[in-house]
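Heads up, the thing below is written out as structure tokens.
Taken together, the values in this text are just the output of simple stated rules run on the coordinates, not laboratory data. Because the structure is predicted, anything quoted here is derived from the model rather than measured. A quick note on method: Cβ atoms are made from the backbone with ideal geometry, for glycine too, and the neighbour counts reach across all protein chains shown.
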Amino acid sequence: MHHIIYKTSCVATGKYYIGMHSTDDLDDGYLDSGSLVLKSIQVHGVNNHTREVLESLPSRTDLIKREREIVTAELVLDPLCLNLTVGGEGVPPG
């Protein structure tokens, strides 16, 4: 299992989302399931979005902790940021 911190970016707007993902396949095409990212994909098309792996962590627990460190209240206030809340809440993979 791979546990990654990723950044999904919209090429058309420069807006981005930083999230975490646990997967067996790093090439699974996952961009994010959040409402603002999905809306951006709907408006600008999937081909105008990229996902970059920022970090790889050894466990889901480490992943949640690291996302909490990266996706802060200050980051959420960035007008280009599509994250709605601070990180680290984590949902089980699946």
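Among residues other than His2 with Cβ under 14 Å from its Cβ, the summed charge is -3 (Lys and Arg +1, Asp and Glu -1).
Count the net charge of all other residues whose Cβ sits under 14 Å from the Cβ of Tyr30, scoring Lys and Arg as +1 and Asp and Glu as -1. The answer is -4. Ordering His2, His21 by the number of other Cβ atoms within 10 Å of each residue's own Cβ, fewest first, gives His2, His21. Each residue, Asp28 and Glu89, gets one label point 7 Å from its Cα in the Cβ direction; the gap between the two is 2.0 nm. Ordered by the count of other Cβ atoms within 10 Å of each Cβ, fewest first, Asp32, Asp27 give Asp27, Asp32. This structure gives log10 I(q)/I(0) by the Debye sum over Cα atoms at q = 0.13, 0.16, 0.23 Å⁻¹, computed directly, and of [x] -0.40, -0.61, -1.23; [y] -0.49, -0.68, -1.08; [z] -0.69, -0.84, -1.21 that value is listed as [x].
Ordered by the count of other Cβ atoms within 10 Å of each Cβ, fewest first, Cys81, Cys10 give Cys81, Cys10. The local environment of Glu74, defined by Cβ-Cβ distances under 15 Å, has a net charge of -2 under the rule Lys, Arg +1 and Asp, Glu -1.
Can you tell me the orientation of helix 60-70 relative to the chain, as the angle in degrees between its alpha-carbon axis and the longest Cα principal axis, to the nearest 10? Tilt of helix 60-70: around 50 degrees. For the chain, take the longest principal axis of its alpha carbons; what is the angle in degrees between that and the long axis of helix 35-44, to the nearest 10 within 0 to 90? Helix 35-44 and the main axis of the chain meet at about 40 degrees. Sequence gap at least 6, Cα distance under 8 Å: using those rules, report the relative contact order of the chain to the nearest whole percent. Worked out over the chain, it gives 35 percent.
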